Structures are given as structure tokens and as C-alpha cells.
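All remarks here apply to the structure that follows.
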Amino acid sequence: ADIISTVEFNHTGELLATGDKGGRVVIFQREQESKNQPHRRGEYNVYSTFQSHEPEFDYLKSLEIEEKINKIRWLPQQNAAYFLLSTNDKTVKLWKVSERDKRPEGYNLKDEDGRLRDPSMITTLRVPVLRPMDLMVEATPRRVFANAHTYHINSISVNSDYETYMSADDLRINLWNFEITNQSFNIVDIKPANMEELTEVITAAEFHPHHCNTFVYSSSKGTIRLCDMRASALCDRHAKFFEEPEDPSNRSFFSEIISSISDVKFSHSGRYIMTRDYLTVKVWDLNMENRPIETYQVHDYLRSKLCSLYENDCIFDKFECVWNGSDSVIMTGSYNNFFRMFDRNTKRDVTLEASRENSKPRAILKPRKVCVGGKRRKDEISVDSLDFSKKILHTAWHPSENIIAVAATNNLYIFQDKVN
């Protein structure tokens with residue numbers, strides 16, 4: 001139940017939320033810098049924990065609905081409270097997280113325990129007062145958006161107008177208004193009339209960071225569609241279609257499986273989109289549809305292992321990818337608790353490991369290398385001894401600083417670059 005299933009910084013980076021398989025959301029808050037240690041940047045400590053989703057049962061289909069949190073998305077902060085969206089397979093919830101450090105005392109119609117007083121006994125009028133109390137962080141569900149998805153929700157994305165958001169499942173994408181919970185607007189529907197003709201499913205979807213009319217969604221066929229909601233209400237016809245032609249020499253039994261896109265992310269600038277498939281991360285320019293402008297090999301040494309990865313179902317793992325704040329570095333996860341970073345400017349890349357053994361506080365991570373076959377140097381790890389049960393699927397990058405959060409099964413690691 002405590003396996004982390006999503007990680008997300010808020011817009012300032014002061015808060016970091018994680019969701020897990022048990023339906024819980026844990027929010028970490030960055031400590032303020034202390035006066036006596038000005039050089040030591042704030043660490044993240046637990047701020048609030050709450051149960052977001054409960055297990056349910058669909059009696060019509062005799063299906064259990066897991067409580068696992070699939071995605072969390074923050075809304076920009078408008079007042080003292082924080083708002084976030086969390087979703088499981090079927091239901092999206094809007095949560096308000098607020099602080100309380102005062103409590104009212106001296107009610108007229110109630111006694112101090114909250115019980116109603118007998119009106120005939122009230123002879124004096126009291127003025128209620130606010131008394132200080134220990135700080136309490138409360139999470140309250142403000143909206144529940146349910147009953148709109150037949151299939152499992154894989155993505156939610158808040159629009160830049162902050163009035164609407166979308167939720168995507170395998171075959172449909174719905175547009176919601178934050179104020180209206182009982183109806184949504186279907187903007188994409190790829191369900192064929194005959195389900196036997198189904199050839200692809202939607203794997204991820206995201207709104208453009210600045211243009212509220214534009215969004216992209218990716219498919220299990222390795223394609224990305226950019227849609228414009230100004231063109232028509234139902235965005236079944238895309239405005240742009242991004243696909244890389246397949247190299248026939250690389251074609252194999254696994255080609256279709258490994259070309260399925262597991263994550264799609266707009267750059268902060270809105271000029272590029274990044275996609276993650278099983279073996280690579282690709283960066284696409286919105287103005288060039290026929291091929292990506294950059295392709296990074298995440299773990300090319302697994303090409304020879306696809307057969308065994310297929311047998312143990314790892315080939316269906318859905319890795320996510322993230323940009324740093326300036327869109328110059330991208331990060332994604334791999335196996336053996338490895339995660340990869342690619343610098344787009346210098347073309348340098350590094351493999352780092354998130355594990356308890358080598359992640360003591362303030363320790364500097366050593367780059368790791370994987371060798372294929374042959375002789376192995378002492379600091380290298382053989383591809384045959386990689387642990388495929390340890391995988392980093394979910395990562396997040398602070399919006400403005402070099403602080404990253406990496407979820408390795410039920411552990412959350414937070415790394416920051418070295419301060420001299």
C-alpha cells in the first residue's frame with residue numbers, strides 16, 4: 001500500500017506531494033532557512049497526510065476499483081490555502097489543504113463541547129473570541145468529479161486558464177470545469193464502433209502551458225497528436241501529428257510494445273514536447289512533425305533482454321519523464337533504482353542510483369555505469385545483475401532550482417545539487 005505511484009512539486013516548489021497505492025496523499029513542505037545556518041537550504045518534512053481515495057466496488061461490472069493514486073496536479077496558489085487534484089482509476093477529487101492556528105470560543109447557542117444549549121437557559125449575549133491553538137493542517141475534499149470514465153484514468157492536466165482541467169482514460173479525454181462536478185465535456189473519443197477493431201489506446205495527455213486551447217495526447221502506437229479546441233468541439237481530428245518512421249532494420253516482435261509512449265510533457269516554454277517510450281526519451285519541436293529533434297537512449301543495453309522482460313511483464317512498465325526548470329536537462333527513470341539525466345546543451349548524460357546504501361544525507365552520488373558482456377571494470381555493474389524489481393517510474397523536478405524527487409518503490413529520495 002505504501003508504494004509511491006506519483007510525485008509532484010507545486011508551482012513554487014515549496015511543497016511536494018506524493019500519492020501511493022493505498023490511496024494516501026503525503027505532502028512535504030520545505031523548511032525555511034534558519035538564521036544560524038544560512039548556507040543550509042531547507043529540507044522537506046512531512047506537512048500533511050490524508051486519505052484521498054478508498055477502495056470501491058463497481059457492482060454493475062463486478063470490478064474492484066483500486067484506491068491507488070494515479071496522478072496529482074497542483075493548482076497555482078490564490079490565497080492562504082493550497083489546492084490539488086488527485087485521481088484514481090475512476091474518480092478525480094479536488095482537495096483544499098489549509099492551516100488553522102486559532103479556534104473560536106464563546107458561542108451563544110452551543111456550549112464548549114459543541115452541544116446545542118437550551119434556548120430558554122440563554123440569558124446573556126456573549127461575543128465569541130479567537131484563541132490561539134497548535135497549528136493544524138486540514139485537508140478537505142471540495143469537489144468530487146465522478147462517473148465520467150468507463151476506462152482507467154491515466155492523466156489529469158490543469159489548463160492554463162485555471163478554470164478547466166482534463167482527464168484522460170484509454171479511449172476518451174474529458175474536459176471539466178472546476179465548479180461543475182456532475183457533467184464533463186468529451187473532447188476526444190477514439191473508441192471504435194466495433195471494439196474488435198481497436199488498434200491503439202491513449203496513454204497520456206497534457207495541456208499546453210500557455211495556450212488554453214491546445215493540448216497533446218500520446219498513444220500506444222508511438223504517435224502524438226496535437227489538438228486545437230478552437231477548430232472544433234470534438235477534437236477527433238488533430239491539428240498536428242508527430243510520428244517517427246520506423247527503421248525496418250530494427251523491426252522485431254517487440255517493436256510495437258516498446259514504441260508505446262508512457263509519458264508526454266510540454267517544456268515550460270511550450271515550444272517542445274518530450275515523450276518517453278520503453279527504451280528512449282525523445283524531444284519534439286512543435287514545428288516539426290516528421291521526426292524528433294533529439295533522441296536519448298535511456299537503457300539501450302536492455303535491447304538484448306526484451307524477451308525475458310516480456311516474460312516478467314517489465315516491458316509494460318510506464319516510465320515518466322520530467323524537464324528541469326529551464327528546459328535544458330531532462331530526467332527519467334530506469335531499473336536497479338537507476339535514474340538518468342541528459343543535458344540537452346552539452347549532450348552529456350549521467351546515470352545515478354537512488355538507494356539507501358549510497359544515499360546518506362549530504363553524500364555525493366557517484367555516476368554508475370552498466371557494462372554489456374565481456375570484462376567488467378570494478379565500478380561497473382553487469383547488465384545481467386540488474387534488479388528489475390527495483391524501478392524508478394516516478395520523478396519530479398523543482399520548478400526553479402536543482403532539486404529532484406525520485407520515487408523508488410516505497411522510498412522517496414530528494415536530491416539537490418551540491419552547494420559550495
Out of (1) in contact with an Asp or Glu (Cβ under 9 Å, 6 or more places away or on another chain); (2) of a type outside the set (S, T, N, Q); (3) open to solvent by less than 80 Å² (accessible area, probe 1.4 Å), the odd one out for Leu85 is which?
(1)
The conditions are (1) over 24 Å from Ser255 (Cα atoms); (2) under 18 Å from the mean Cα position of the chain (by Cα); (3) in a loop (DSSP other than H, G, I, E, B), and Thr346 fails exactly one of them. Which is it?
(2)
Select from the stretch 44-69 the residues that are buried (at least 20 other Cβ atoms within 10 Å of the Cβ), polar (S, T, N, Q) and not in a strand (DSSP E or B) and list them in ascending order.
Ser52
Given the structure, is Pro209 touching a residue at least 60 places away in the same chain (Cβ under 8 Å) and not in a strand (DSSP E or B)?
yes
Given the conditions (1) surrounded by fewer than 17 Cβ atoms within 10 Å (Cβ to Cβ); (2) among the hydroxyl-bearing types (Ser, Thr, Tyr); (3) touching a Phe, Trp or Tyr at 6+ places or on another chain (Cβ under 8 Å), report the number of the one that Ser308 does not fulfil.
(3)
Is it true that some residue in the stretch 358-381 is of a type in the set (Val, Ile, Thr), more than 26 Å from Trp74 (Cβ to Cβ) and assigned to a loop (DSSP other than H, G, I, E, B)?
yes
Positions within the stretch 250-291 being over 28 Å from Glu401 (Cβ atoms) and open to solvent by less than 30 Å² (accessible area, probe 1.4 Å), in sequence order
Phe254, Ser255, Ile258, Ile261, Asp277, Tyr278, Leu279
On the given criteria, is Tyr413 in a strand (DSSP E or B), on the phi < 0 side of the Ramachandran plot and among the aromatic types (Phe, Trp, Tyr)?
yes
Matching entry among Asp317, Asp327 (being open to solvent by 20 Å² or more (accessible area, probe 1.4 Å), under 19 Å from the mean Cα position of the chain (by Cα) and either assigned by the TED database to the domain that holds Arg368 or among the hydrophobic types (A, V, I, L, M, F, W, C) (or both)):
Asp317
Within the stretch 158-171, take every residue that is of a type outside the set (A, V, I, L, M, F, W, C) and buried (at least 23 other Cβ atoms within 10 Å of the Cβ) and give me the one that is farthest from Arg225 (Cα to Cα).
Tyr165
Hits in the stretch 172-186 (condition: crowded, with 16+ Cβ neighbours inside 10 Å, more than 22 Å from the chain's Cα centre (by Cα) and of a type in the set (Val, Ile, Thr)):
Thr181
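At least 3 residues that are of a type in the set (S, T, N, Q) in each: list the strands (runs of 3 or more DSSP E) lying fully within the stretch 83-175 that qualify. Walk me through it before giving the result.
Values: elements: 92-105, 129-145, 153-158, 164-169.
Strands (runs of 3 or more DSSP E) meeting the threshold: 153-158.
The values are calculated or read from the model by the stated rules, or taken from the named source; none is laboratory data. In this text, all values refer to a predicted model and were calculated from it rather than measured experimentally. Cβ sites come from the backbone with ideal geometry, for glycine too, and all protein chains shown count toward neighbours. Note: areas computed on protein heavy atoms with side chains; ligands, DNA, RNA excluded. Shrake-Rupley method; radii C 1.70, N 1.55, O 1.52, S 1.80 Å.
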